[in-house]
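Read the structure below first, then the notes.
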Amino acid sequence: MGRLFRYFAYGSNMHPLRLGLRTPSCRALGTASIARHSLRFHKRSDTHGHVSGKCDAFYTGRAGDVIHGVLYEVHVRERRHLDEAEGAGSGYHGVDLSVSLAGEAREAYTFVADADWIDEALLPYDWYVAIVSSGARIHGLPMEYQARLRSIASVPDPDRERAARHFEIARGTGKIRPFFRKPRE
């Protein structure tokens, strides 16, 4: 298959349909975690004038803080599509960090929020929380972590058509393909 890189997904990209639409070659290697980080929904997303909170792997340095997620393998030719989808250079930047997969340290690529894009007052859209929670459920992240994700306060997206498209991903139904253009090769 050629050259691959490891990608740690901790937000909406945990959901295999969401990530698969962006990087069709993705293959889950298993659940993983990063220590001394806290999952926050404080990264500003400005989509057509509507502002909401997106996930961030926020470094705290505290030993008890951990983010659970999924370690994927993705073909290197799709990395630019992932960077584009995540807005690398416009709110997020890619970093290489150490994740724990089955007790073993692995290097992986992920995204963290740029400091000037953080706003603690933001809430995520309801569909975004649904995709993140569904991804955690699909991959069997710890139950208490799943419960915490489901309890995240959210707001309805004023763009109900966009919300409907994304709720289809969260549900994992076959209806999602007509809403999205075919992934690039």
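The values are calculated or read from the model by the stated rules, or taken from the named source; none is laboratory data. If you're wondering where the values come from, they're calculated on a predicted model, not measured in any experiment. We place every Cβ from the backbone using ideal geometry, glycine too, and count neighbours over all the protein chains shown. Side chains included, ligands, DNA and RNA excluded: accessible areas come from the protein's heavy atoms. Shrake-Rupley method; radii C 1.70, N 1.55, O 1.52, S 1.80 Å.
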For this session: May I ask you to verify whether Leu39 is closer than 17 Å to Trp117 by Cα and either touching a strand residue (DSSP E or B) at 6+ places or on another chain (Cβ under 9 Å) or of a type in the set (Ser, Thr, Tyr) (or both)?
Result: yes
For this session: Could you figure out which of (1) modelled with pLDDT of 95 or more; (2) over 16 Å from the mean Cα position of the chain (by Cα); (3) not in a strand (DSSP E or B) isn't true of Asn13?
Result: (2)
Exercise. Is it the case that region 150-167 has a residue that's open to solvent by less than 40 Å² (accessible area, probe 1.4 Å), touching a residue at least 60 places away in the same chain (Cβ under 8 Å) and touching a Pro at 6+ places or on another chain (Cβ under 8 Å)?
Worked result: no
For this session: Report, by residue number, each residue of region 116-159 that is among the β-branched types (Val, Ile, Thr), assigned to a helix (DSSP H, G or I) and touching a strand residue (DSSP E or B) at 6+ places or on another chain (Cβ under 7 Å).
Result: Val132
Seminar exercise, completed: Going through region 86-109 in order, the residues found to be part of a strand (DSSP E or B), touching a helix residue (DSSP H, G or I) at 6+ places or on another chain (Cβ under 9 Å) and open to solvent by less than 20 Å² (accessible area, probe 1.4 Å) are Tyr92, Tyr109
Exercise. List, please: which pairs have Cβ atoms under 7 Å, are six or more places apart or on different chains, and start with a residue in region 80-100 that is over 19 Å from His37 (Cα atoms) and end with one that is in a loop (DSSP other than H, G, I, E, B) and among the β-branched types (Val, Ile, Thr)?
Worked result: His81/Thr23; Leu82/Thr23
Problem set entry | Residue check, Ile131 of a type in the set (A, V, I, L, M, F, W, C), open to solvent by less than 20 Å² (accessible area, probe 1.4 Å) and in contact (Cβ under 8 Å) with a residue 60 or more places away in the chain | yes
